[in-house]
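Report on one structure; see the data block that follows.
The values are calculated or read from the model by the stated rules, or taken from the named source; none is laboratory data. Just so we're clear, the structure is a prediction, and the values are computed from it rather than from any experiment. When we count neighbours, we look across all protein chains shown, and the Cβ atoms used for this are built from the backbone with ideal geometry, even at glycine. Areas reflect the complete protein model, heavy atoms only, side chains present, ligands, DNA and RNA absent. Shrake-Rupley method; radii C 1.70, N 1.55, O 1.52, S 1.80 Å.
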Amino acid sequence: MIVIKFGGTSVGDAQRVANAIDIVAERKSQFPIVVVSALAGVTNDLVAATEAARQCDIERVNQIVAAVRQRHEDVAMRLVQQKFDFFESFIKQLDKQVDQIHTILRGIALLGEITMRASDKVMAIGEKLSSVLFAYSMMMRALPGEHVDSEEVVITDARFGEANPLMDATRAAAQKVLLPLIERNLIPVMGGFIGRTRDGATTTLGRGGSDYSAAIIGAAAGAKEIQIWTDVDGMMTSDPRLIPGARMIDRISYVEAAELAWFGAKVLHPRTIAPAVGERIPVRVLNTQNPASVGTLITEQGDPRDSAGPRAVAVKRGITVVHMTSNKMLGAHGFLARLFAIFEELELSVDLITTSEVSVSVTIDEERPGLIERLKPVADVEVRQNQCIVAIVGRNLMRDSAVGARVFEAMRGIPMSMFSLGTSGLNLSIVVDESDADRSVRAIHAALFEGEGVIPSGEDGEGSPSQARGGSLAPLGMTKK
């Protein structure tokens, strides 16, 4: 059994849906479970409709919802050929989902506010529509697709907007719902991004969470492989839109892929890898526009030929740096615990940390209201917004001093506000102003991966298990004084 996940651009129009169905057909003998994202742009349309409803702009709401409905109908019409009975059945399902959207948005307009619970209910409609469309399109093409409501399988906590799966309950649901379909040679088709609480409330896994859904479903169902089909050939040494000469990575470890995803590589959702790690399920990233490409294989060991060296450069934008200074740190114990207790209470995740005798600097994704006020009694606080993290990800980066030397030489003339290299050697991170992000990435990529500047990865065999799997999934770096 395998899980096949298609992103929004992979099902963006009728031709791409047809291509995706061909990919499923070629893998029918592998007992696939299909997970699909919303059609490209639909989630953004639903966000806009929700905001219009909050402002009581009913005309705008009706325009957006009508356009979303028409887009799905048009795709289905192009795929239907002569099988109008399937088309009529699909239209009934489509209208049922559209009626649900209108009901929820009317409630939002009446109240004049959007709760996270109501927002999740609306956001989930995009994946519900695309999965119904994909299942019916498969049937139109004589493939035994069977639509499955994701809420029957993915059970989560009640953290609306960014829910966490309850794996024991999800595993039991997968065994009950999915496996009987597969035993009957049917192909389950599900929407990604969606789950539900134990008491039946719809939840979402965070924007871009369809990859995460695929990994959750794969782990729960005991899949042999999880395939993420997107619009690039695999994971690259950098974003090909920024670096046209970026090269594909054929094999990479779970921890390296997780670091790249967390620090800005858009191919995978940052939490995708975690469910696969627990069950040691390989994850393969592939291109719907180039199915012949072997893609990138992500496994526990990664590439056994490489024991050390950089693998890729990623950039995480929109970062805030919080710099905290206090003489109370000198020789004191418990000071850092007091600081980070504030971040925990505000549910703020920290990416990077650097320390000195009297100061601590951290990076966070966003500044939360009340953070500065809570920190001021403990330390003097300086906040720098519009920063970014440029991350060089690899294996045993500390082994070769040439890596650091070439990175710093490449960064000559570009101001850096933080630098971090963890003892795991997985990630060398530099914080720069967002205006310097692109030229920093280009310079570092040229120094490490292009022309005579290429630093070869170690090829002294597989290395020890600790080298192959060094570090943890937590993206945390500490500098030494």
>> Using Cα-Cα distances under 8 Å and only pairs 6 or more residues apart, what relative contact order does the chain have, in percent?
In response: 13 percent
>> So if each residue of separation counts as 0.36 nm, and I subtract the Cα-Cα distance between residue 88 and residue 280, what length gain in nm does that give?
In response: 64.9 nm
> residue 263: net charge of surrounding residues, Cβ under 14 Å, Lys/Arg +1, Asp/Glu -1, itself excluded?
Replying inline: 0
> Could you give the accessible area per residue of the stretch 48-182, probe 1.4 Å, as a whole number in Å²?
Replying inline: 47 Å²
> How big is the gap, in Å, between the Cα center of the stretch 1-25 and the Cα center of the stretch 203-257?
Replying inline: 15 Å
>> Using 10 Å bins from zero, what percent of all Cα-Cα pairs in the stretch 32-141 falls into each bin?
In response: 14, 46, 28, 11, 1
> Is the stretch 187-332 best put as rounded, prolate or oblate by its Cα gyration tensor, with a ≥ b ≥ c the root eigenvalues, rounded for a/c under 1.5, and otherwise prolate when a/b is larger than b/c, oblate when not?
Replying inline: oblate
>> With θ taken as phi - 60° and the coefficients 6.51, -1.76 and 1.60, list the Karplus ³J(HN,Hα) couplings across the stretch 116-126 in order, rounded to whole Hz; mark glycine and proline as x.
In response: 4, 5, 5, 4, 4, 4, 6, 4, 5, 5, x
>> If you average 1/r across every pair of different Cα atoms in the chain and take the reciprocal, what Kirkwood value do you get, in Å?
In response: 23.9 Å
>> Between 0 and 90 degrees, rounded to the nearest ten: what's the tilt of helix 210-221 against the longest Cα principal axis of the chain?
In response: 80 degrees
> About the Cα centre of the stretch 203-338, what is the dipole size in debye to 20, counting +1 per Lys and Arg Cβ and -1 per Asp and Glu Cβ, all else neutral?
Replying inline: 500 debye
> Ranked from the most accessible area to the least, with a 1.4 Å probe and all protein chains present, what is the order of 116, 167, 123?
Replying inline: 116, 167, 123
> So for 119, 131, what's the accessible-area order with a 1.4 Å probe, most first?
Replying inline: 119, 131
> Using a 1.4 angstrom probe with every protein chain in place, what is the largest-first accessible-area order of 363, 325?
Replying inline: 325, 363
>> Can you list residues from other chains, or at least 5 along the same chain, whose modelled amide H is less than 5 Å from the amide H of residue 156?
In response: 166, 196, 197, 198
> Taking a probe of 1.4 angstrom, what is the accessible area of residue 279 in Å², to the nearest 10?
Replying inline: 90 Å²
> Helix 84-111 versus the longest principal axis of the chain: what is the Cα-based angle in degrees, 0 to 90, to the nearest 10?
Replying inline: 60 degrees
> How large is the charge dipole for the chain, taken about the Cα centre, if only the Cβ atoms of Lys, Arg (+1) and Asp, Glu (-1) carry charge, to the nearest 20 debye?
Replying inline: 300 debye
>> Not counting ligands, DNA or RNA, and with a 1.4 Å probe, what is residue 45's accessible surface area in Å² rounded to the nearest 10?
In response: 60 Å²
>> Using only Cα atoms and rounding to the nearest 10 degrees, what angle (0 to 90) does helix 167-183 make with the longest principal axis of the chain?
In response: 40 degrees
> Under unit Cβ charges (Lys, Arg +1; Asp, Glu -1), what dipole magnitude, rounded to 20 debye, does the stretch 291-354 have relative to its Cα centre?
Replying inline: 260 debye
> How large, in percent, is the carbon and sulfur part of the accessible surface of the stretch 43-157 at a probe radius of 1.4 Å?
Replying inline: 50 percent
>> Could you compute how much accessible surface residue 239 exposes when probed at 1.4 Å, giving the result in Å² to the nearest 10?
In response: 60 Å²
